[in-house]
Amino acid sequence: MYLIAKNVLQYIKNSDNKIQEIDIFSKLLQYYPADLKLAIMKEIKESYEDNIYQDFLMNKNFIEGFFSIYDDFRE
């Protein structure tokens, strides 16, 4: 699942339609286990800060998914 996410991020980085692709990936990311979702989000911040990270921060699904991780860990 991690490798799939890495490949998708490379695709998004080179895509002409980044906003739509980020939205789709952010929705897909919500089905990942909380620990893996957090690792991927951290990877986006560290590896794609100059490219697509700012676009991810503008995506509602991505932000809500980030905060839902802490709800998952509390349960």
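The values are calculated or read from the model by the stated rules, or taken from the named source; none is laboratory data. Small disclaimer: the values here were computed from a predicted structure and weren't measured. Here the Cβ is made from the backbone with ideal geometry for all residues, glycine too, and neighbour counts use every protein chain on show. Note: areas computed on protein heavy atoms with side chains; ligands, DNA, RNA excluded. Shrake-Rupley method; radii C 1.70, N 1.55, O 1.52, S 1.80 Å.
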### Query
Considering only the other residues whose Cβ falls under 10 Å of the Cβ of ASN61, what net charge follows from Lys and Arg at +1 and Asp and Glu at -1?
0
### Query
Could you give the angle, 0 to 90 degrees to the nearest 10, between helix 18-29's Cα long axis and the longest principal axis of the Cα atoms of the chain?
20 degrees
### Message
Give me the extension gain from TYR31 to ASP50: residue separation times 0.36 nm, minus the current Cα-Cα distance, reported in nm with one decimal.
### Response
4.2 nm
## Note on the structure
Using eta = 1.002 mPa s and T = 20 °C, Stokes-Einstein with Kirkwood Rh from Cα pairs puts D for the chain, in µm² s⁻¹, at 174 µm²/s
### Gain upon complete extension [SER68, ALA39; 0.36 nm per residue less C-alpha separation]
9.0 nm
### Query
Mean residue ellipticity at 222 nm from the helices of the chain, using -39,500 (n - 2.57) per DSSP H segment of n ≥ 4 over the full residue count, to the nearest 500 deg cm²/dmol?
-24000 deg cm²/dmol
### Query
Which whole-number value in Å² is the accessible area per residue of the chain, probe 1.4 Å?
67 Å²
### Query
Helix 60-74 versus the longest principal axis of the chain: what is the Cα-based angle in degrees, 0 to 90, to the nearest 10?
30 degrees
### Task
Would you mind checking segment 19-37 for residues with the amide N under 18 Å from a putative spin-label position 7 Å along Cα→C-beta of ILE4?
21-37
